[in-house]
1. Any chance you could give the angle, 0 to 90 degrees and rounded to 10, that helix 618-629 forms with the longest Cα principal axis of the chain?
2. Accessible area of segment 151-282 with a 1.4 Å probe: how many percent of it is carbon plus sulfur?
3. Taking the alpha-carbon distance from K39 and a cut-off under 29 Å, which lysines remain once sequence neighbours fewer than 8 residues away in the same chain are dropped?
4. Quick one: which residues, 5+ away or cross-chain, put their amide H under 5 Å from the amide H of S25? H built at 1.01 Å from N.
5. In what sequence, largest accessible area first, do H504, H155, H150, H493 appear using a 1.4 Å probe?
6. Would you work out the charge dipole size for segment 192-262 about its Cα centre, treating the Cβ of every Lys and Arg as +1 and the Cβ of every Asp and Glu as -1, and quote it to the nearest 20 debye?
7. Run the accessible area of segment 530-633 with a 1.4 Å probe and give the carbon-and-sulfur part as a rounded percent.
8. Count the net charge of all other residues whose Cβ sits under 11 Å from the Cβ of N520, scoring Lys and Arg as +1 and Asp and Glu as -1.
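The values are calculated or read from the model by the stated rules, or taken from the named source; none is laboratory data. The shown structure was predicted, so the numbers you read here are calculated from the model rather than taken from an experiment. No Cβ is skipped: glycine too gets one built from the backbone with ideal geometry, and neighbour counts run over all protein chains shown. Surface areas here come from the heavy atoms of the whole protein model, side chains and all, with no ligands, DNA or RNA. Shrake-Rupley method; radii C 1.70, N 1.55, O 1.52, S 1.80 Å.
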Amino acid sequence: MSSFVPDALISEDIDAYLARNASKSLLRFITCGSVDDGKSTLIGRLLYDTKTIFEDQFAALEADSKRVGTQGQDIDFALLVDGLSAEREQGITIDVAYRFFATEKRKFIVADTPGHEQYTRNMVTGASTADLAVILIDARKGVLTQTRRHSYLAHLLGIRHFVFAVNKMDLIDYDPLRYRAIVEDYKCFADSIGIGAVTPIPISGFKGDNIASRSPNMPWFAGKPLIEHLESVEVGDETARGGPFRMPVQWVNRPNLDFRGFAGLIASGGVKPGDVVRVLPSGKTSAVARIVTKDGDLEEAVASQSVTLTLADEIDCSRGDVISVADAPPQVADRFEATIVWMADEPLMPGRGYWMKSAALTLTATVQQPKYRLNVDTMEHLAARTLDLNAIGVAEVATDRGIVFEPYAESRTLGGFILIDKITNATVAAGMIHFSLRRAQNVHLQPLSVSREAHAAVKNQRPAVLWFTGLSGAGKSTIANLVEAKLARMNRHTFLLDGDNVRHGLNKDLGFSEADRIENIRRVGEVARLMADAGLIVIAAFISPFRADRDLVRAMLPEGEFVEVFIETPLAEAERRDVKGLYKKARSGALKNFTGIDSPYEPPLDPDVRIDTTAMTPEQAADAIIEALIPWG
């Protein structure tokens with residue numbers, strides 16, 4: 001291996017050196033595969049062979065190798081790899097480590113992602129911005145489940161260039177028959193999922209075979225070494241540059257009253273001053289007046305540039321909107337089919353509201369029961385009620401309002417999204433939109449002659465939903481019944497929705513699993529909303545154990561019309577009462593998924609009304625609730 005030689009241009013003309021490097025193309029790639037296939041070792045070898053660490057680091061490595069009395073590059077390289085493992089804890093990589101290096105022809109950013117199944121989310125993170133995937137495999141083990149999972153995810157995330165690096169060839173004595181059998185096995189799988197060209201390369205990351213130069217240990221291999229192949233792969237944003245203009249608005253820039261610009265990163269296409277554009281989802285059109293950057297105005301801007309656009313007209317445009325070419329805009333819909341990669345320990349809860357981040361927009365989305373889950377070994381479509389950690393499935397996704405999108409196959413920016421748990425703020429899933437569902441485009445709200453305000457005016461009251469929540473046995477139904485009776489005597493128009501009563505009709509098909517409970521509350525919320533639209537004061541008495549589901553109902557109603565009433569009773573007291581004998585059954589194991597025993601209850605953090613049933617009678621509680629409502633209307 002040649003010794004490190006500093007670029008003479010650095011000392012002769014630093015500006016020329018920087019300009020030359022700035023003009024080099026950039027390749028983003030990911031190394032992935034199963035556990036201990038040698039990803040970090042390979043990256044260490046790439047850094048070592050391209051000499052991108054400082055010369056004094058090599059001097060230190062050389063000194064260390066002499067100190068321990070060992071000659072040759074293996075010890076030097078082992079020390080380097082050990083240094084690259086600083087991000088490891090307890091022997092496993094737990095995050096995505098990005099490394100930077102360059103050759104005379106190209107610059108590289110490589111994402112080193114963990115191979116452990118529980119960290120598939122990190123692999124998805126690394127692959128989401130990559131142009132190429134290096135799929136590593138241990139030559140001793142062959143193609144494994146995680147090899148298939150990572151390959152499928154990389155393909156799903158839009159990566160079009162694949163290198164199949166059969167690593168640790170030195171440990172099988174560079175056996176060409178074994179190598180060819182592994183390659184054939186992988187190519188059969190790659191063909192089955194639609195991966196096109198795959199470049200197989202036999203390597204040894206530790207020994208350096210076929211990394212920077214052809215290995216004399218494998219004269220039977222006629223292809224390019226890995227670095228040479230990475231230098232020659234044609235990648236870039238040609239697809240994005242050639243597509244129609246799209247720019248998600250990340251923020252509205254208004255430093256003074258005379259300037260109003262819309263800033264963002266151009267996702268595809270190009271734009272010039274004078275171009276007619278459309279702002280979505282509103283559909284309003286205008287013309288581009290200026291393209292503003294910190295270095296001055298531009299005559300044209302293209303994909304991957306961050307710019308601020310000013311428009312010729314004062315039209316409504318805010319963060320999360322998309323500015324596009326007027327005559328070929330993207331779609332707007334609120335219901336899609338999408339592939340979901342589930343990345344949380346807690347399984348998907350169909351019907352529960354999650355935060356969805358798409359481009360620069362954040363909104364509420366619900367995922368329905370999956371149409372199927374994918375078996376990554378056989379590519380079978382399996383029936384599934386939910387998605388567990390690392391599962392890949394296809395499901396229907398509904399958002400609380402229309403979003404601007406394109407299929408992920410056409411636009412990573414407008415077709416991809418993530419889901420975030422509303423309680424923990426943890427990212428739980430990544431999604432890729434396939435298409436909108438027809439009913440989302442063909443079903444429209446029918447305008448009605450009598451408004452909800454008119455319904456309320458006839459009844460001389462303000463509509464509301466009084467949502468009683470608390471443990472079983474807390475007294476919700478008793479107190480709710482008293483509240484309705486008192487409101488009726490005040491000539492208020494009401495309707496009481498009780499948990500047990502609803503399960504005799506509307507929700508008689510639902511059980512008590514976590515998913516069924518979520519669907520139970522969703523349906524009741526929709527009914528309560530319709531009744532509030534009719535001008536009624538709706539009293540809903542449900543355990544409703546999950547904050548996210550109560551928040552979902554709150555979001556269905558206008559601001560201020562959802563009144564959360566927490567009937568607070570300690571578990572011991574509720575169990576002592578045990579009017580229906582349910583706690584006794586739950587303790588004996590005869591009743592599963594019972595709130596407070598083997599299913600959690602999440603109390604309200606800031607309820608509108610709090611009732612302590614250990615300190616007042618049901619009659620007093622009802623009076624306190626009515627008293628709290630009087631100033632409200």
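1. 70 degrees
2. 52 percent
3. Straight-line reach from K39, under 29 Å: K24, K51, K66, K105, K107, K141, K168, K187, K207, K224.
4. K107
5. Per-residue accessible area, sorted high to low, gives H504, H493, H155, H150.
6. With Lys and Arg at +1 and Asp and Glu at -1, about 200 debye.
7. 55 percent
8. Here the count lands on 0.
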